[in-house]
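The values are calculated or read from the model by the stated rules, or taken from the named source; none is laboratory data. All values derive from a computational prediction rather than experimental measurement. When we count neighbours, we look across all protein chains shown, and the Cβ atoms used for this are built from the backbone with ideal geometry, even at glycine.
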Amino acid sequence: MHIGLMMECDYQADRSQEQAFGDIFATASNAEEWGFDGVWLAERHFAPPGGIRPVPSVVSSPLIIAAAIAARTSRIRVGTAVLVLPLGHPVRMAEEVATIDNISQGRLDLGIGRSGLPWSYSGYDIPYAESRERFNEFFEVMQMAWTQEEFSHKGKYYDFQDVCVVPKPFQKPHPPLRYAATSRETFADMGKLGMPIFVGIGRTTVSDLAQAISEYRQAWKEAGHTGDGDVMLRMGAYVAEDMERAISDPKESTQFFYSGMQAPAPQSPQAWVDEQSPSVSQNPVDSQYEAVLRDRLAYGTPDVVTRRLQEIIDELGLSGIIMMPNVGGKIPRDRLSASIRLFGEEVAPRLTSGATKAGIA
């Protein structure tokens, strides 16, 4: 059972950029000390404090931050969740990923995806409508760069002849890959490819996810892959010593987050689409705090959060849980740190894998 910590690298108006980066490195070091298996970096673009984006953030270059965290830690794995492939260059990214994998001596995990944030593409002058095609070609090139001494490629977006990428990754054939499944059709597609996936609870519910994951596993088996798939869940969690604080501390931040999800997001370059949470349900999200506490979050004492997550692990057959500690990005730093510590020290050691129950080899 992998226990990870999601890092969206919040950048609030009461903090300077320098303080925001200091918070990142302190959080990663604490996560290692408090028993987490990995930290997972989001990728966010054009998200200043006070803007229209839901979570202001300084994590526009997650690979650079991953390298800095790797240099400051010794045990914990460092992952991306997710690296938005179509916004980069496949050869350059293959080089950078391989370099960080060597710096960390094989502690890098690579979560990849297309992102559900269209304004990121607008800022890079790339049509969001091209994101799927660009992702597929990018992914093909990047894998060749890692696994072939020299490669050539001619496609719609990229054309290379006799390219030799150095260094090659520390992990062979490359760092572990995991795709963010953010739409219903993606689940079966990733099952066919035999790709481990992230799933999330935000616009959806556990029961909706269960059906989508079932389709993923069915496609996995039909394609002849061994085992039964590999699914990690990203979920909002907050832990306090008593229930009153566990519910009241994150309330304002959580309500802010869910107020933007009462209905499906408009199809606009400025629209907020939550890429952490697959759109496996078309039902509007009930933004009442009591409803999201019941259906979409794990808030409570260590005992309550452990029971809640273990039930979900067993139901979905998960290989890992990634704590999303700051839903809405507005929880005060001291309370946030206390919650993360309680999760790492008291919840994480008690969670067991649901893989055996789900039939995963």
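So in the stretch 318-339, with the set limited to residues that are of a type in the set (A, V, I, L, M) and within 17 Å of R245 (Cβ to Cβ), which one is surrounded by the most Cβ atoms within 10 Å (Cβ to Cβ)?
If we take residues in the stretch 318-339 being of a type in the set (A, V, I, L, M) and within 17 Å of R245 (Cβ to Cβ), then V327 is surrounded by the most Cβ atoms within 10 Å (Cβ to Cβ).
Among the residues of the stretch 147-171, which ones are under 30 Å from the mean Cα position of the chain (by Cα), more than 18 Å from T99 (Cβ to Cβ) and of a type in the set (F, W, Y)?
Across the stretch 147-171, the qualifying residues are Y157, Y158.
Could you identify the single residue in S268, S279, S259 that is touching a strand residue (DSSP E or B) at 6+ places or on another chain (Cβ under 9 Å) and at pLDDT below 95?
S279
Identify, by number, the condition in (1) modelled with pLDDT of 95 or more; (2) under 21 Å from V199 (Cβ atoms) that L342 doesn't meet.
The failed condition is (2).
Do the conditions hold for L63, that is, is it touching a helix residue (DSSP H, G or I) at 6+ places or on another chain (Cβ under 7 Å), part of a strand (DSSP E or B) and of a type in the set (A, V, I, L, M)?
Criteria not met by L63.
Across the stretch 4-25, which residue is surrounded by the most Cβ atoms within 10 Å (Cβ to Cβ) among those that are without any contact (Cβ under 8 Å) to a residue 60 or more places away in the chain and of a type in the set (A, V, I, L, M)?
For the stretch 4-25, the residue satisfying everything is M7.
Considering only residues of the stretch 170-229 that are outside any helix (DSSP H, G or I), in contact with a Phe, Trp or Tyr (Cβ under 9 Å, 6 or more places away or on another chain) and among the aromatic types (F, W, Y), which is surrounded by the fewest Cβ atoms within 10 Å (Cβ to Cβ)?
Applying the filter and picking the extreme gives Y179.
Residue check: is E149 surrounded by fewer than 21 Cβ atoms within 10 Å (Cβ to Cβ) and outside any helix (DSSP H, G or I)?
Judged against the criteria, E149 is a match.
Listed residues I197, I103, I126; which is at pLDDT 95 or above, closer than 26 Å to V59 by Cβ and in contact with an Asp or Glu (Cβ under 8 Å, 6 or more places away or on another chain)?
After ruling out the rest, the residue left standing is I197.
Does S120 meet the test of being part of a helix (DSSP H, G or I), in contact with a strand residue (DSSP E or B) (Cβ under 8 Å, 6 or more places away or on another chain) and within 19 Å of T80 (Cα to Cα)?
It is true that S120 is part of a helix (DSSP H, G or I), in contact with a strand residue (DSSP E or B) (Cβ under 8 Å, 6 or more places away or on another chain) and within 19 Å of T80 (Cα to Cα).
Do the conditions hold for A13, that is, is it under 26 Å from Q255 (Cβ atoms), among the aliphatic types (A, V, I, L, M) and not in a helix (DSSP H, G or I)?
Taking the combined requirement at face value, the residue satisfies it.
Could you tell me whether M93 is out of contact with any helix residue (DSSP H, G or I) (no Cβ under 8 Å at 6 or more places or on another chain) and modelled with pLDDT of 95 or more?
In short, no.
Specify which of the listed residues (K168, K192, K154) is touching a helix residue (DSSP H, G or I) at 6+ places or on another chain (Cβ under 7 Å) and over 23 Å from L63 (Cβ atoms). Break it down stepwise before answering.
Values: K168 fails: over 23 Å from L63 (Cβ atoms); K154 fails: touching a helix residue (DSSP H, G or I) at 6+ places or on another chain (Cβ under 7 Å).
Step by step, each of K168, K192, K154 is checked, and only K192 is touching a helix residue (DSSP H, G or I) at 6+ places or on another chain (Cβ under 7 Å) and over 23 Å from L63 (Cβ atoms).
Looking at G79, G50, G106, G111 in this structure, which one is touching a Ser or Thr at 6+ places or on another chain (Cβ under 7 Å) and either in a loop (DSSP other than H, G, I, E, B) or closer than 30 Å to A13 by Cβ (or both)?
Within the list G79, G50, G106, G111, the selection yields G111.
I'm trying to understand the selection: among the residues of the stretch 295-334, which are over 21 Å from I213 (Cα atoms) and part of a helix (DSSP H, G or I)?
Within the stretch 295-334, P302, D303, V304, V305, T306, R307, R333, D334 meet the criteria.
Within the stretch 70-79, is even one residue out of contact with any helix residue (DSSP H, G or I) (no Cβ under 7 Å at 6 or more places or on another chain), polar (S, T, N, Q) and farther than 18 Å from F170 by Cα?
no
I'd like to verify a number: residues in the stretch 235-250 that are over 13 Å from I331 (Cβ atoms), outside any loop (DSSP other than H, G, I, E, B) and charged (D, E, K, R), how many?
Looking only at that region, the number is 1.
Of everything in the stretch 95-135, what is surrounded by fewer than 16 Cβ atoms within 10 Å (Cβ to Cβ) and under 20 Å from the mean Cα position of the chain (by Cα)? Give them in sequence order.
Passing the criteria: G106, R132.
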